[in-house]
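Take a look at the structure set out below.
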């Protein structure tokens, strides 16, 4: 039974639409081919499939370790928020009112064999499924905080939340999504602000050094602030179509929620004062960011630090004798790589051509493939294939394929996997940085701006801006662009530094902002 | 500022009601003193506080590792189940109908300054918050399974679920709870049954070897089966009041859900056949089991394998000179213990007496406390205090306290912590086993049964039973007892083996079952 059929069992799989042809379809194709997620039969909700969920689990672990290293602990608060509680912070309630899923009944009954909602089970007070948990958490903190000795309170929650979105897109925007939400309480404004920036740094560190996605840290404009916040900090990444993606936010909430939930504490001077708050979150949207930053026309590309499988091993043989030898060697290679702490998959599925396996694991973004055949055994070498190499201008696809592949003496190959993964991790970040640089421009006039965004190669425009919220809306209508963030001073490249005048109003501006189209 | 105040800051804390006085209150007191959880302002929902959640995280890690080691992967399915989907499997829908939270609207609006549910946002079809996910998952599997090559499908989900309970109890029974639910698909009944038993073994292994809670594996009677299952296997533990607690269930679902969702596959013979299913779950209820099995009148007792903190170090000093020396040594001890992979907490809080710290960490169940004072430095020893020792009949509390404490040469003490934790882990299981043995009885007549359960020291009654579902209800009414399980053959102790006659009906019975009061 070692004879392998000639038919490529994966041949019925859809192939990936090239990015250049249709970027939106390419994104969906990558998700489908990599088997990451799919729409469910429930409006706006997705099913996160095992490979997609494994990536999320890696993200969770990396983030959770960083939260704990900065003194945070996890806890869990209710899914439900009584309507009256949500309504307490007015601005907050107004911000989320249009996207709330509401539980109104608690029982079903069968009428003439048909299952219906029992009208007699109507709740006295409707319960909103949390779109975010500030209100229920601050209602709880009221019982936990009496004095400055109880502060700071540094708590994070991993949870599902629901925001009733009309237009959904896998990972980027779904009615239900998974996220973490930090909710901290502090004795002073200063400490709360420090926390807001500390977490922004944690997010940026994760984005760049784990997900290999370069980000710009900045403030949202007042119109884009979180409902109930005094300041919203964010990290913004650039996707391969030049659009911005907000990847995480960290909010300074001042005393707003403490006031609406009446959470006061006795400070060191013995005076009662409202508590200062922050909240911050990242979600499964990060998986979307990962896909759109690194993947290519062959499917998913994963930074090694988030790859559920680092190395896949594909054995090649024509008969039982070859099979036995090849599998013996493959087993040894697996063991040696696992001993290094690597996640290794031996693909010994029967009835499937090696080419079909290559195709499948490539689409799933496994960073390194090792092919082992009889010739490799003879030569004492392994064939190591990288998922990607950095592009060389003018290179043919065939030449690039050659560069991905190397035949390396066995032990050298095994010792070389970890350094290779480190290289790939670094190269992904470099590549994404270079792409962002290429697709960013310093723009000084509205005419320049208009012509820049008329071009399909548009990206981030560094512009001076001093417009109002209404004028931001006007720009959005005319160009589909928004102020992505007011970058922190150290995020502004030399060529974009300095004061100037607003491209729309001509009013003086202290610094440039980033305008772009966005997800 | 090194002078420590004489007031015990924890003195305002409530103390724990002794088990013997009021077991139900003791349970609540332990939770409160150990700071594990509390009721939220949302009816029936609890807040899991950081210390409680940290225990759940340890449980999750241990369970998840075991699921993955047995070939399972994680995924995520929607929170919502359309009403028509839930209704597809009739028995299932009937089983959960009375406890379903139902979403009927998707928007709020403000009327005269008051936030209300927008009546115009009524959903075309109500959405039930998942009480369990068989229906939505099998609806999804329909798209994933075509041939025997797609099987088995071994998927687990970590999620929150909602069952509208009228009488709630922290951890044991709440409207929302956290759990894992495995949902597997198989090509044959044999494989599905093997999976059902495999998971039961995983649960029992976790319960006994991690949570140190001895359990009996068995079948539920038909009346107690999961709605939609052909067989429900369970693990049952005994709490310190002699009541049984169902700690996990593993269901063989046959082809019921495949039929209601029309999930067929092409088998190896080229014939279309319905898929065979299992589902299985454990929940945050396990935290309740942990508390009620091991804790004592001083608070929480944790098996070391589930302790978020293994060792707490309390420095003792009277002046700055002592403080400096003691803290230097404490820092070294922390580092040396952490280097062994232990979770260590140095409690260097100012303004709190050592005694208050002992009291707090004891209540939180930290297995080992190390006290370091100037005398210990002089002697080159450490004072190591165990959270518990096995009881010796007739011993005074003072004598027991002495036995918990030992003064050990420094390096010997540090090297001895891991073996000590192993010993404590083993002793907890042994103690719980001995307790269960003491509180179990082989009972042959209804009169005996009645007198056994009239006694407050009742526990598990091994009885012959051949009654109907209605007769089970009759026993429940008369004695508040239920058939906890029909134990697997290897779970029956020698003295309870063999055939006999039902204690109620006198009908022949193949084996004894366990009857007990239960949570």
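The values are calculated or read from the model by the stated rules, or taken from the named source; none is laboratory data. This one's a predicted model, so the numbers in the text were calculated from it and none came from an experiment. Backbone-built Cβ (ideal geometry, glycine too); neighbour counts: all protein chains shown.
Would the range A:321-342 turn up any residue that is surrounded by 14 or more Cβ atoms within 10 Å (Cβ to Cβ), under 30 Å from the mean Cα position of the chain (by Cα), at positive phi and modelled with pLDDT of 95 or more?
Checking the range A:321-342: not a single residue is surrounded by 14 or more Cβ atoms within 10 Å (Cβ to Cβ), under 30 Å from the mean Cα position of the chain (by Cα), at positive phi and modelled with pLDDT of 95 or more.
Which residues, taken from the range A:416-468, are in a helix (DSSP H, G or I), without any contact (Cβ under 8 Å) to a residue 40 or more places away in the chain and either crowded, with 20+ Cβ neighbours inside 10 Å or touching a helix residue (DSSP H, G or I) at 6+ places or on another chain (Cβ under 8 Å) (or both)?
Result: A:450, single match.
Working only within the range B:84-109, note down all residues that are at the interface with chain A (Cβ under 7 Å from one of its Cβ atoms), surrounded by fewer than 21 Cβ atoms within 10 Å (Cβ to Cβ) and over 18 Å from residue B:165 (Cβ atoms).
B:104, B:107, B:109 - these are the residues of the range B:84-109 that are at the interface with chain A (Cβ under 7 Å from one of its Cβ atoms), surrounded by fewer than 21 Cβ atoms within 10 Å (Cβ to Cβ) and over 18 Å from residue B:165 (Cβ atoms).
For the list (1) on the phi > 0 side of the Ramachandran plot; (2) surrounded by 22 or more Cβ atoms within 10 Å (Cβ to Cβ), I need the number of the one condition that residue A:71 fails.
Among (1) on the phi > 0 side of the Ramachandran plot; (2) surrounded by 22 or more Cβ atoms within 10 Å (Cβ to Cβ), the lone unmet condition for residue A:71 is (2).
Does residue A:34 satisfy being in contact with a helix residue (DSSP H, G or I) (Cβ under 8 Å, 6 or more places away or on another chain) and more than 8 Å from chain B (Cβ to nearest Cβ)? Please lay out each step first, then the result.
Working: in contact with a helix residue (DSSP H, G or I) (Cβ under 8 Å, 6 or more places away or on another chain): yes; more than 8 Å from chain B (Cβ to nearest Cβ): yes.
Taking the combined requirement at face value, the residue satisfies it.
Residues in the range A:37-49 that are more than 8 Å from every other protein chain (Cβ to nearest Cβ) and either under 16 Å from residue A:172 (Cβ atoms) or buried (at least 22 other Cβ atoms within 10 Å of the Cβ) (or both): how many?
Result for the range A:37-49: 3.
Pick from the range B:489-508 the residues that are outside any loop (DSSP other than H, G, I, E, B) and more than 32 Å from the chain's Cα centre (by Cα): which of them is surrounded by the fewest Cβ atoms within 10 Å (Cβ to Cβ)?
For the range B:489-508, the residue satisfying everything is B:508.
Identify, please: which residue in the range A:164-178 is away from every other protein chain (no Cβ under 12 Å) and not in a loop (DSSP other than H, G, I, E, B) and is, among those, farthest from the chain's Cα centre (by Cα)?
Filtering first and then ranking leaves A:169.
Please specify each residue of the range B:234-258 satisfying the condition of being without any contact (Cβ under 8 Å) to a residue 40 or more places away in the chain and over 30 Å from residue B:20 (Cα atoms).
B:249, B:255
Determine whether residue B:68 is more than 8 Å from every other protein chain (Cβ to nearest Cβ), touching a residue at least 24 places away in the same chain (Cβ under 8 Å) and not in a strand (DSSP E or B).
No.
Here is a list: A:159, A:185, A:192. Which entry is under 15 Å from residue A:80 (Cβ atoms) and either part of a strand (DSSP E or B) or modelled with pLDDT of 95 or more (or both)?
A:159
Out of the residues in the range A:226-245 that are at pLDDT below 95 and more than 17 Å from residue A:486 (Cβ to Cβ), which is nearest to the chain's Cα centre (by Cα)?
A:227
So, in the range A:25-45, how many residues would count as being in a helix (DSSP H, G or I) and within 17 Å of the chain's Cα centre (by Cα)?
So the answer is 4.
Looking only at residues in the range A:133-155 that are assigned to a strand (DSSP E or B) and more than 9 Å from chain B (Cβ to nearest Cβ), which one is nearest to residue A:180 (Cα to Cα)?
Per the criteria, the residue is A:154.
Given (1) in contact with a helix residue (DSSP H, G or I) (Cβ under 8 Å, 6 or more places away or on another chain); (2) modelled with pLDDT of 95 or more; (3) facing another protein chain (nearest Cβ under 7 Å); (4) part of a helix (DSSP H, G or I), identify the lone condition not met by residue A:57.
Going through (1) in contact with a helix residue (DSSP H, G or I) (Cβ under 8 Å, 6 or more places away or on another chain); (2) modelled with pLDDT of 95 or more; (3) facing another protein chain (nearest Cβ under 7 Å); (4) part of a helix (DSSP H, G or I) one by one, residue A:57 breaks only (1).
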